[in-house]
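S.K.: Before I ask anything, let me first share the structure, which is written out below as structure tokens.
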Amino acid sequence: MEEAIEIALQNHPRLKVATAEIEKSRATRGEIWDGGSTSFSYAWGQLNGEFNKDNEMSIEQSLGSFLTPFYKNSLVKSQVSTGEYYRNMVKKEIIAEVKRAWTYYQYANSIYSLYKHQDEIAQSGDLRYSQGDIDLTEKNMISAMAANMRTMLLHWQEEVSLAKKRLTWVCYSDIQILPSDDSLAIFQSSDTDLLPSADHLNYFLGKVDEQKKLLQIERSKFFPEFSFGYTRQKIAPLKNLNSWMVGVSFPILFFPQKSRSKQAKISLRIAEWEADNNRTMLNNKVEELKGRLRQQKESLQYFTEAALNEAESLQNSAVSRYGANEIDITEFVQSINSARDIKKSYIETVYNYNVSVLELELYTDK
């Protein structure tokens, strides 16, 4: 399983996208300060004197606000941190996908093996009828059971084939991946002292922090922006006249910026509500999984301590008595079906228990 997980983590596009998003956020540091384009102008003719041979060259560069780049840098840090938490969440989801596909293959294979074994038992009707041990009615009952077994056997044979493909798909592997052990394993887990996943909680907080930084950026645009310039002139007969310029600009019509700040404030409020809701849902999900896991543990304990042994004894006894002509066909069919149902319920309980363990691993910190 560890090898399959490693293959999936190397190949899965979701993890690659999450990593690329972090690099994209880091790349935005290059635009933290954006003073716009440098303005260059050149004029000639009669500019400032009585002659028309004057010229003027000027260069001007906006420096922008001194506060906005600071808050933009904080936003980039928050986006990178949130992206890392999201990547960790994606990684946990991929691991859970691989484990679920893995355990489903073992589950499907176990059900298939169960029907295959009972199909062999059910095939004895024709031989017993030809030997005169049973009449036609009894033979038909055995044949009906055998037909049902055969139908279910073909169904689960196809499920095993699909489970093999699904495991390969979730690993994004070019070659088929199969578990080295076909038996249904029970995952180990503890439903106590498990806290909600820190990656999920920090991701929710990170989305709120991003909106706070965006609000600070919008508010910083109310402060003045600065510019710097240089001019070189010729006013005949004077040449090489140099001058410097420092400018300050601020919005007189502040309504558009006030509207953008208000929108950012509402977005922050929405993000806080969503984070609270997500935290509540995560806590509820963890508590629900803990309760479900406790119930499934009790069911597994019942199967392992009593039901499975009873089912095996019931099946062995039915087959033995059937071979010795000590049991009628109706009782034999009922015994075989009852034993199969118990074993099938056990396999389904193990699978459901494993799925609960995987979900608990996904939403908690082990």
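S.K.: Report every pair of residues separated by at least 6 positions or lying on different chains whose Cβ atoms are under 6 Å apart, first residue within the range 208-225 and under 25 Å from Val248 (Cα atoms) and of a type outside the set (S, T, N, Q), second open to solvent by less than 40 Å² (accessible area, probe 1.4 Å) and not in a helix (DSSP H, G or I).
M.R.: Qualifying pairs under 6 Å: Phe223/Ser65; Glu225/Gly64; Glu225/Ser65.
S.K.: Here is a further query. Looking at the structure I just gave you, is Gln188 outside any helix (DSSP H, G or I), surrounded by 18 or more Cβ atoms within 10 Å (Cβ to Cβ) and among the polar types (S, T, N, Q)?
M.R.: no
S.K.: Next question. What tally of residues in the range 1-18 results from selecting those that are open to solvent by 80 Å² or more (accessible area, probe 1.4 Å) and of a type in the set (A, V, I, L, M)?
M.R.: Keep residues of the range 1-18 that are open to solvent by 80 Å² or more (accessible area, probe 1.4 Å), which gives 2-3, 6, 10, 14, 16-17.
With of a type in the set (A, V, I, L, M) added as a condition, the list becomes 17.
Total satisfying the criteria: 1.
S.K.: Of the conditions (1) assigned to a helix (DSSP H, G or I); (2) of a type in the set (A, V, I, L, M, F, W, C); (3) under 22 Å from Ile342 (Cβ atoms), Met281 satisfies every one except a single condition; which number is it?
M.R.: Unmet for Met281, out of (1) assigned to a helix (DSSP H, G or I); (2) of a type in the set (A, V, I, L, M, F, W, C); (3) under 22 Å from Ile342 (Cβ atoms): (3).
S.K.: So which residues in the range 157-175 are closer than 19 Å to Ala96 by Cα and part of a loop (DSSP other than H, G, I, E, B), if there are any at all?
M.R.: Tyr172, Ser173 - these are the residues of the range 157-175 that are closer than 19 Å to Ala96 by Cα and part of a loop (DSSP other than H, G, I, E, B).
S.K.: Restricting the search to the range 326-336, which residues are of a type outside the set (Ser, Thr, Tyr), buried (at least 16 other Cβ atoms within 10 Å of the Cβ) and assigned to a helix (DSSP H, G or I)?
M.R.: Hits for the range 326-336 are Ile329, Phe332, Val333, Ile336.
S.K.: Among the residues of the range 238-259, count how many are open to solvent by 80 Å² or more (accessible area, probe 1.4 Å), free of Cβ contacts under 8 Å to residues at least 24 places away in the same chain and either over 21 Å from Ser65 (Cβ atoms) or in contact with a strand residue (DSSP E or B) (Cβ under 8 Å, 6 or more places away or on another chain) (or both).
M.R.: Final tally of qualifying residues: 6.
S.K.: Tell me, please, whether a residue that is loosely packed, with under 13 Cβ neighbours inside 10 Å, farther than 30 Å from Ser143 by Cα, more than 25 Å from the chain's Cα centre (by Cα) and among the aliphatic types (A, V, I, L, M) can be found in the range 315-325.
M.R.: no
S.K.: State whether one or more residues within the range 24-32 are surrounded by 13 or more Cβ atoms within 10 Å (Cβ to Cβ), among the hydroxyl-bearing types (Ser, Thr, Tyr) and more than 30 Å from Phe222 (Cβ to Cβ).
M.R.: no
S.K.: Considering (1) at pLDDT 90 or above; (2) touching a Lys or Arg at 6+ places or on another chain (Cβ under 8 Å), say which one Tyr302 fails and leave the rest.
M.R.: (2)
S.K.: Let me ask something else about it. Give the residues of the range 271-310 that are open to solvent by less than 30 Å² (accessible area, probe 1.4 Å) and of a type in the set (Phe, Trp, Tyr), sorted by residue number.
M.R.: The answer is Phe303, and nothing else.
The values are calculated or read from the model by the stated rules, or taken from the named source; none is laboratory data. Predicted model only: the values in this text are computed from it and were never measured. Neighbour counts are summed over all protein chains in view; Cβ atoms, including those assigned to glycine, are modelled from backbone coordinates with ideal geometry. Side chains are part of the model used for accessible areas, which takes the heavy atoms of the whole protein and leaves out ligands, DNA and RNA. Shrake-Rupley method; radii C 1.70, N 1.55, O 1.52, S 1.80 Å.
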